[in-house]
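This report concerns only the one structure given below.
The values are calculated or read from the model by the stated rules, or taken from the named source; none is laboratory data. Just so you know, these numbers come straight off a predicted model, no measurement behind them. Cβ sites come from the backbone with ideal geometry, for glycine too, and all protein chains shown count toward neighbours.
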């Protein structure tokens, strides 16, 4: 077998093609990660999430993808950019998490494929693994010395932070692996305290049943006890990253390098007024359960209900429209939004609605334990 390109040559190719950090790990079973996934799945902490939970034996064993694999070349690509606040007060707007504002994985793939092509051209196998559930990318990054596990379960890169997407190249070329880096969080627990639903139940352990970033992607009703906490988030949640002190490094570094994002907010009116084809065309890059836009509308109705601006005639029109929709899930969420907006007068006559979900929403009363109503809510069912 020929000699592989030098590690420096491979890294230089990746850096020239946009990657920010590159490390090497052995292509071996992630035994501790396999146990963690199996345990959390048995405790239902995955909340039915598939992804790497679907087949833990595969996602923790690189050799299931390439039996001859010897090395993982792991890359990280920054996605942080300044966020425009200008659109927030014009109309009800939904906030989009930074990672979902554009296809950062495609930019990551460019760097990884450039390195993989060099390996292939040198006579080696090289398979790019990006956002495809074949590998637990955070564990690969940890083993490659890219960063350490934060208490929010994200990988934090030394003096950079966690605003990164991660991916790997699995190759039969042999490279010397990096050592994992030491924990840099120390006694800091800001991410745990800042979680709006208290989803980080212990350092590094997330209960997806409470995580807003997962709940906006999951099927069924949006859990009523977390709707107020959703606030204006239409897709994703960055709270545990926004509070992280280590992320200040990356934000200062990129502040003058990247232009302000204009994709941080989307119109709630547009989502509730558009047809399915338009919604899938514009937001189809997001993970939408079963590719069904009803879940975008579900989330939009919760955000509308959380709107802090007084209801406009356009809002009233939309509430009326969705209260008579054929979809009982959307009717039920519209009842919740109407009550939150003080539009109970629009609910007259719904006592005859045949849907148990609608009747449950009509009987529900929310009592906040906090002045802003964003952390804990007592559920009271009348009748």
Those residues of the range 348-365 which are crowded, with 17+ Cβ neighbours inside 10 Å, over 34 Å from the mean Cα position of the chain (by Cα) and assigned to a helix (DSSP H, G or I), in sequence order = 350
query = Does residue 173 satisfy the condition of being closer than 27 Å to residue 27 by Cβ, in contact with a helix residue (DSSP H, G or I) (Cβ under 7 Å, 6 or more places away or on another chain), at pLDDT 95 or above and in a loop (DSSP other than H, G, I, E, B)?
reply = yes
Count - residues of the range 260-285 that are closer than 21 Å to residue 98 by Cα and surrounded by fewer than 18 Cβ atoms within 10 Å (Cβ to Cβ) = 11
request  = Working only within the range 193-223, note down all residues that are farther than 19 Å from residue 97 by Cβ and in contact with a strand residue (DSSP E or B) (Cβ under 7 Å, 6 or more places away or on another chain).
outcome  = 204
request  = Scan the range 295-318 for residues that are surrounded by fewer than 18 Cβ atoms within 10 Å (Cβ to Cβ), touching a residue at least 12 places away in the same chain (Cβ under 8 Å) and either within 17 Å of the chain's Cα centre (by Cα) or in a helix (DSSP H, G or I) (or both) and jot them down.
outcome  = 314, 316
note = Log entry, pairs with first residue in the range 104-120 being touching a residue at least 12 places away in the same chain (Cβ under 8 Å), second being assigned to a helix (DSSP H, G or I), beta carbons closer than 7 Å, six or more apart or on different chains, reads 111/14; 114/13; 114/14; 115/10; 115/13; 115/14; 118/10; 118/13
query = What are the residues in the range 18-33 that are buried (at least 18 other Cβ atoms within 10 Å of the Cβ) and in contact with a helix residue (DSSP H, G or I) (Cβ under 8 Å, 6 or more places away or on another chain), if any?
reply = 19, 22, 23, 24, 25, 27, 30, 33
query = Could you say whether any residue in the range 268-285 is touching a residue at least 24 places away in the same chain (Cβ under 8 Å) and part of a loop (DSSP other than H, G, I, E, B)?
reply = yes
ask   = Where in the range 37-149 are the strands (runs of 3 or more DSSP E), entirely inside, with at least 3 residues that are at negative phi and within 16 Å of the chain's Cα centre (by Cα)?
value = 93-96
task = Six or more apart or on different chains, Cβ under 6 Å: which pairs go from a residue in the range 47-76 that's without any contact (Cβ under 8 Å) to a residue 60 or more places away in the chain to one that's outside any helix (DSSP H, G or I)? Could you list them?
result = 53/46; 61/29; 63/69
